[in-house]
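For reference, the structure discussed in these notes is given below.
The values are calculated or read from the model by the stated rules, or taken from the named source; none is laboratory data. Fair warning: this is a prediction, and the values are worked out from it, not measured in the lab. Backbone-built Cβ (ideal geometry, glycine too); neighbour counts: all protein chains shown. In case anyone asks, the SASA skips ligands and DNA or RNA and just uses the protein heavy atoms, side chains included. Shrake-Rupley method; radii C 1.70, N 1.55, O 1.52, S 1.80 Å.
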Amino acid sequence: MNLYLRYFDRETLVRTVDEAIAFLSEIEEVEMNPVLEADIREYAASDVYYPKRYKVRPRIYFIIIKTEAETMQDFKDKKAVHATAVAASAAKPTAPVLVRLNEERPGWYEGMIDFKRVLLVPGTGKYQYRDTQFIANVKANSGMDCYNRIVDYLRERVDERSQFPSAKGKNFKFRYLGLAK
């Protein structure tokens, strides 16, 4: 793993942390100290692949980027993309919410919905919204059918002013339990 360092128009691609520290020590504005050196060594040894920036003074930084590029030209041409990050994103395709919601799969579903329920406050006689979670096992044909059955059930049993979230949002979750309960 190589390190790319840049401070304004000064840049380099180095193979070791010691070379990186030597490069930064040559820059007058960068005050190399044991804490900064230890942090750079820790970053280089970690599994983190996002760029790291270090403050030199207000609004002035130098950056360090881990790369697999062998030369500066390879780095500039972006030929050395981190292989494990690319493999991980290709190996784990995620289905969009709409596809999972509308996928026909008859059987039992566990649906969980977080909604705003209107309740009477006994002391004041006024109404207020309360966050309420409802979980149910439902026999349905799809995730969307599960959502519709839960909302229909709740609409008959709670105040009509209660607010239900979209099936596509983060406040509705479901999982397929199988054909038999």
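Structure notes:
- Listed by first and then second residue, the pairs linking a residue in region 14-33 that is loosely packed, with under 15 Cβ neighbours inside 10 Å to a residue that is part of a loop (DSSP other than H, G, I, E, B), with Cβ atoms under 6 Å apart and 6 or more places separating them unless they lie on different chains, are Ser25/Met32.
- Pairs are defined by a Cβ separation below 9 Å, a sequence spacing of at least 6 or placement on different chains, a first member in region 64-78 that is without any contact (Cβ under 8 Å) to a residue 60 or more places away in the chain, and a second member that is open to solvent by 60 Å² or more (accessible area, probe 1.4 Å); the pairs so defined are Gln73/Lys79; Asp74/Glu68.
- Those residues of region 127-181 which are more than 28 Å from the chain's Cα centre (by Cα), over 18 Å from Asn102 (Cβ atoms) and part of a loop (DSSP other than H, G, I, E, B), in sequence order: Glu156, Arg157, Val158, Asp159, Glu160, Arg161, Ser162, Leu179, Ala180, Lys181
- Given (1) among the hydrophobic types (A, V, I, L, M, F, W, C); (2) under 28 Å from the mean Cα position of the chain (by Cα); (3) open to solvent by 70 Å² or more (accessible area, probe 1.4 Å), number of the condition Leu5 does not satisfy: (3)
- Of all residues in region 81-138 being charged (D, E, K, R) and loosely packed, with under 14 Cβ neighbours inside 10 Å, the one that is modelled with the lowest pLDDT: Lys92
- Among the residues of region 53-80, the ones that are modelled with pLDDT of 85 or more, surrounded by 11 or more Cβ atoms within 10 Å (Cβ to Cβ) and over 27 Å from the mean Cα position of the chain (by Cα) come to 5 in all.
- Flag if Asp47 is at pLDDT 80 or above, open to solvent by 40 Å² or more (accessible area, probe 1.4 Å), of a type outside the set (Gly, Ala, Ser) and not in a loop (DSSP other than H, G, I, E, B): no
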